[in-house]
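Asker: One structure, pasted below without further comment.
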């Protein structure tokens, strides 16, 4: 038999770092721009992020506390997801700082605000891909026993997409060409997606 480290999360993991985030990895980064009803702009990264549906295209992120981003989206019903690439890693990290609502994270990351076409929150001008989204739902998560968690899953429908044409070859978007970074475990572990790490494995007919 394999020698296993087994544990029940409710009783602790018994390791130096909780392995949960490192096992469910790498994870896409939800770099979310939003605006409050009063017009304050917010930009923040979320590691609990993914896509959930094709038609309509739905993406979502979970915030482990009630943060400005979630409050803004609840107020306005809009947000933008911006792709984080290797070139934008440091800027993204700068926007993760805990700052007062009136502080503009675009300025912290020295980033350009681009106007969106269907929603009010701006896009990150340096990001090669952006999804403009309308709020579909905000769900407070709960455990198996029904106890509510301090976590809110925000789901949005993608209503506009912007892609740098340099990432489209022969009509196909080249995922690795953008060199996106993805979240791993602990406090600061990331991976870069590169073309040399990709392989092709078509589904069975």
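The values are calculated or read from the model by the stated rules, or taken from the named source; none is laboratory data. What you are looking at is a predicted structure, and each value in this text was computed from that prediction instead of being measured. Every residue, glycine among them, receives a Cβ derived from its backbone with ideal geometry; neighbour counts consider all protein chains shown.
Asker: Test residue 130 against the stated conditions and say whether it is crowded, with 23+ Cβ neighbours inside 10 Å, at negative phi and either under 17 Å from the mean Cα position of the chain (by Cα) or in contact (Cβ under 8 Å) with a residue 60 or more places away in the chain (or both).
Answerer: Yes, satisfied.
Let's see how each residue does on (1) within 16 Å of the chain's Cα centre (by Cα); (2) surrounded by 12 or more Cβ atoms within 10 Å (Cβ to Cβ); (3) modelled with pLDDT under 90:
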residue: 145; (1), (2), (3): no, no, no
residue: 166; (1), (2), (3): no, no, no
residue: 182; (1), (2), (3): yes, yes, no
residue: 191; (1), (2), (3): yes, yes, yes
residue: 196; (1), (2), (3): no, no, yes
residue: 202; (1), (2), (3): no, no, yes
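Asker: Answer yes or no as to whether residue 155 is out of contact with any helix residue (DSSP H, G or I) (no Cβ under 7 Å at 6 or more places or on another chain) and closer than 22 Å to residue 53 by Cα.
Answerer: In short, yes.
Asker: Among (1) over 18 Å from residue 141 (Cα atoms); (2) touching a helix residue (DSSP H, G or I) at 6+ places or on another chain (Cβ under 6 Å), where does residue 53 come up short?
Answerer: Going through (1) over 18 Å from residue 141 (Cα atoms); (2) touching a helix residue (DSSP H, G or I) at 6+ places or on another chain (Cβ under 6 Å) one by one, residue 53 breaks only (2).
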